[in-house]
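Comments concern the structure below.
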């Protein structure tokens, strides 16, 4: 424990108040948890391209197997709103801390079980069915994780620092992407591809066990957020938060869902779809394709703090608007940069993930802002995860279909449409609501 942390907790104890969380403890707990959750989530996304088509969907042509693998990938996004409702209910009724621990366990156990699954060769059709069930569990857990982590940060933020604090849990996405891609890259560096398909693909999933233990240790050390404690003291909690959301906050839920649309479409075109495109179409070796994705994760992570600092100076709404316009403009570069040229693909990843950092770094705070404390966990989680359904769940599938049927330019048109819809919803949201 640091001296500053000890001083905060000693002062709280002397006044009879619950121990407050130090800034370091808050930001570590929110970042570590989301890093673990997104590591688990992206390990699946990488495996869905590299190994699952052969292991769980054999006997089909390569494109059909890949589309089937992407279909199981999308299941998690449909599970996430259900997780948001269930975990959001308890997060708004019982508290942020206990709910975050439960969400972490749900996600982690589902990931470890994937690493233990028999493949199609062993149990036939039961293999993809069990894989789909575990993917559902991953989505269910992440549906409850994200909103709680954002609130853990923003509800502990000092005045005028919500954008800066709110970007810390968002760093878990690039960190998780970096670790998951890096682990598969290392496996391919030291093992032949045959070993990866035979047994080594299980290692990243089973390694999640260690991360779960670390995450639980960090999460169990924090106390409840001041905002939620105030809601308890003032008896502001509602019996069924999801009912209030759909009764009194429908507009915020709808607009928020589409405010995040461009963020999700951009991300999954620049990661899961691009990884598949590089390997299957451009025929870049697995290791090189993963190295490109690792670079993208680094750029993504670097621009999230830039977004937080820029928003503190110029305003969150203004930065999100400018970034969304940038995404729309970037979409016209898709047919220019996504060609069979690694340098151009690197340029695509660099520009795309820089824009991704600028939008994703602020989206958590933006989606939580319209909802009062008593239903904020449920409202922000539902908004984020509905956006996941419309923007992310089928993005790799749609992009693969458009590219193979109409050409790569249509992937750019798809991204541009998402950006225009997001821009309209930002304008439609009242000032202070985004």
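The values are calculated or read from the model by the stated rules, or taken from the named source; none is laboratory data. Just so it is clear, the structure is predicted and the values come from calculations on it, not from any experiment. Don't worry about glycine lacking a Cβ; one is built from the backbone with ideal geometry, like all the others, and counts go over all protein chains shown.
When the criteria are applied in full, residue 393 fails the requirement of being within 27 Å of residue 157 (Cα to Cα) and touching a helix residue (DSSP H, G or I) at 6+ places or on another chain (Cβ under 7 Å).
Taking the stretch 55-70, which residues are surrounded by fewer than 16 Cβ atoms within 10 Å (Cβ to Cβ) and part of a helix (DSSP H, G or I)? Across the stretch 55-70, the qualifying residues are 62, 63, 64. Here residue 397 does not qualify as over 23 Å from residue 291 (Cα atoms) and at pLDDT below 95.
Checked against (1) within 21 Å of residue 52 (Cα to Cα); (2) not in a helix (DSSP H, G or I), residue 127 passes all but condition (2). All conditions but one from (1) surrounded by fewer than 22 Cβ atoms within 10 Å (Cβ to Cβ); (2) assigned to a helix (DSSP H, G or I) apply to residue 339; the one that does not is (2).
Counting only helices (runs of 4 or more DSSP H) that fall entirely inside the stretch 235-315 and contain at least 2 residues that are under 30 Å from residue 187 (Cα atoms) and touching a helix residue (DSSP H, G or I) at 6+ places or on another chain (Cβ under 8 Å), the qualifying elements are 261-268, 274-280, 286-314.
With the structure loaded, tell me whether residue 82 is within 22 Å of residue 285 (Cβ to Cβ) and in contact with a helix residue (DSSP H, G or I) (Cβ under 9 Å, 6 or more places away or on another chain) or whether it fails that test. In short, no. Checking the stated criteria, residue 96 turns out not to satisfy the condition of being modelled with pLDDT of 80 or more and under 17 Å from the mean Cα position of the chain (by Cα). When we screen 73, 78 for residues that are within 16 Å of the chain's Cα centre (by Cα), closer than 26 Å to residue 274 by Cα, touching a residue at least 24 places away in the same chain (Cβ under 8 Å) and surrounded by fewer than 19 Cβ atoms within 10 Å (Cβ to Cβ), the only hit is 78. Against the criterion of being closer than 20 Å to residue 236 by Cα, without any contact (Cβ under 8 Å) to a residue 60 or more places away in the chain and surrounded by fewer than 19 Cβ atoms within 10 Å (Cβ to Cβ), residue 94 qualifies.
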